[in-house]
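*Asks:* One structure, pasted below without further comment.
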Amino acid sequence: MAIGNFNAATATLSALDSRYPFGPLSNQVQLDLIYAYYKSGKVNEAISTIDRFTRLNPNHADVDYAIYMRGLTNMESDKNLFQELVGIDRSDRDPSKSREAFEDFRRLIEKFPDSKYAADAQKRMLHIKSRLAKYEIAIARFYMRREAYVAAANRGRYVLEYYPDTDHVQEALEIMVECYDQLKLDELKNNVMKTLKLNYPDSSFIS
């Protein structure tokens, strides 16, 4: 682990874990194994080890670390390194792993508010909310291309309700304005337009 050979580390740690499941160092072996699995990109193995550790050691001093690593592992598995390297925006991909990570971090903060990992978990939750809001916007735009304006407007409203502290609220409002305009729902359109003018006076949608 010290030299960064996490694949070799997981092999050795896994062997130790199998041979001495109740040894004096078994908990530390499992905690190291969680980290080594995470660093080597073995998501399923990491999650399985974390869940086993938390189930068998609910009062262990490092349970907060295990839950934090669960969030990190789920968050990491939502990324696509190749797409990020070439600059492809895939915000429309399934965000289920991000949602799991959000729940992991929320659980950590609720159960261990004084944990040294709580502050970082809070920051990561904000990042995940932005990711989830961006997903809703991407799906809304897909619906608009299909002229499914009711579905698109609903996605925009969902962003306002559940992700109001992200950078995607303006886009959500603009989508709603356009959809209500297409649907000839003037009252709804005017109400959203008022909110848009109040909060984003520089929007190109404001005439």
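*Asks:* Where is the GNM fluctuation largest for the chain (alpha-carbon springs, 10 angstrom cutoff): A11, A138, A61?
*Replies:* Among A11, A138, A61, the largest GNM mean-square fluctuation belongs to A61.
*Asks:* Before rounding to the nearest 500, sum -39500 (n - 2.57) across all DSSP H runs of length at least 4 in the chain and divide by the residue total; then give [θ] at 222 nm in deg cm²/dmol.
*Replies:* Rounded to the nearest 500, it is -23500 deg cm²/dmol.
*Asks:* Something else about it: I'd like the distance between the alpha-carbon centres of the stretch 144-199 and the stretch 1-26, rounded to an integer number of Å.
*Replies:* Between the Cα centre of the stretch 144-199 and that of the stretch 1-26, the gap is 52 Å.
*Asks:* Counting only other residues whose beta carbon sits under 13 Å from that of Q28, what net charge do I get with K and R as +1, D and E as -1?
*Replies:* -3
*Asks:* Moving on to the next point. With labels modelled as points extended 7 Å from the Cα through the Cβ direction, what inter-label distance (nm, one decimal) is found for E161 paired with R55?
*Replies:* According to this spin-label approximation, the distance is 3.5 nm.
*Asks:* Next question. With label points built 7 Å along Cα→Cβ from the Cα atoms of T195 and D181, find their separation and express it in nm.
*Replies:* Placing both labels 7 Å beyond Cα along the Cβ direction yields 1.7 nm.
*Asks:* Taking only the alpha-carbon positions of the chain and ignoring solvent, what does the Debye formula give for the base-10 log of I(q)/I(0) at q = 0.14, 0.17 Å⁻¹?
*Replies:* Log10 of I(q)/I(0), two decimals: -0.87, -1.09.
*Asks:* Can you compute the charge dipole magnitude of the chain about its Cα centre, using +1 on each Lys and Arg Cβ and -1 on each Asp and Glu Cβ, nothing else charged? Give it in debye, rounded to the nearest 20.
*Replies:* Dipole size: approximately 260 debye.
*Asks:* Additional query: How long is the gain from R106 to Y20 if the chain were fully straight, where each residue apart is worth 0.36 nm and the alpha carbon distance is subtracted?
*Replies:* Working it through step by step, the gained length comes to 27.7 nm.
*Asks:* Given the options M75, M193, M125, which has the most mean-square fluctuation in a GNM of the chain, springs set between C-alpha atoms less than 10 angstrom apart?
*Replies:* Most flexible of the set in this elastic network: M193.
*Asks:* Assuming R0 = 30 Å, can you tell me the calculated FRET efficiency for the pair V43 and E147, based on Cβ-Cβ distance, to the nearest 0.05?
*Replies:* My answer for the efficiency is 0.20.
*Asks:* How far, in degrees from 0 to 90, does helix 118-145 lean away from the longest principal axis of the Cα atoms of the chain, to the nearest 10?
*Replies:* Orientation of helix 118-145: about 40 degrees from the principal axis.
*Asks:* Now for a separate question. Given the options H168, H60, H127, which has the most mean-square fluctuation in a GNM of the chain, springs set between C-alpha atoms less than 10 angstrom apart?
*Replies:* H60
*Asks:* Moving on. Excluding same-chain residues fewer than 8 positions from K42, which aspartates and glutamates have a Cα within less than 15 Å of its Cα?
*Replies:* D32, D51, E76, D78
*Asks:* Taking 28 Å as the cut-off for C-alpha to C-alpha distance, list the pairs among K97/K197; K134/K184; K39/K123 that go past it.
*Replies:* Listed pairs above 28 Å: K97/K197.
*Asks:* OK, next. Taking 8 Å as the Cα distance limit and 6 or more residues as the minimum spacing, I'd like the relative contact order of the stretch 85-207 as a percentage.
*Replies:* 18 percent
*Asks:* Another one. What relative contact order, as a whole-number percentage, does the chain give when Cα pairs under 8 Å and 6 or more residues apart are counted?
*Replies:* With pairs under 8 Å counted, the relative contact order is 11 percent.
*Asks:* Also, I was wondering about something else. Could you give log10 I(q)/I(0) at q = 0.19 Å⁻¹ for the stretch 117-178, computed by the Debye formula over C-alpha point scatterers of equal weight, without solvent?
*Replies:* -0.61
*Asks:* Restricting attention to the alpha-carbon atoms of the stretch 143-204, what are Rg (one decimal) and Dmax (integer), both in Å?
*Replies:* Cα only, the stretch 143-204: 10.9, 30 Å (Rg, Dmax).
*Asks:* Using a 7 Å offset from the Cα along the Cα-to-Cβ direction at both S204 and A2, what is the distance between the two label points in nm, to one decimal?
*Replies:* Result for the modelled spin labels: 5.7 nm.
Each reported figure results from applying straightforward, stated rules to the coordinates on display, with no laboratory input. None of the values given here were measured: they were computed from a predicted structure. Neighbour counts are summed over all protein chains in view; Cβ atoms, including those assigned to glycine, are modelled from backbone coordinates with ideal geometry.
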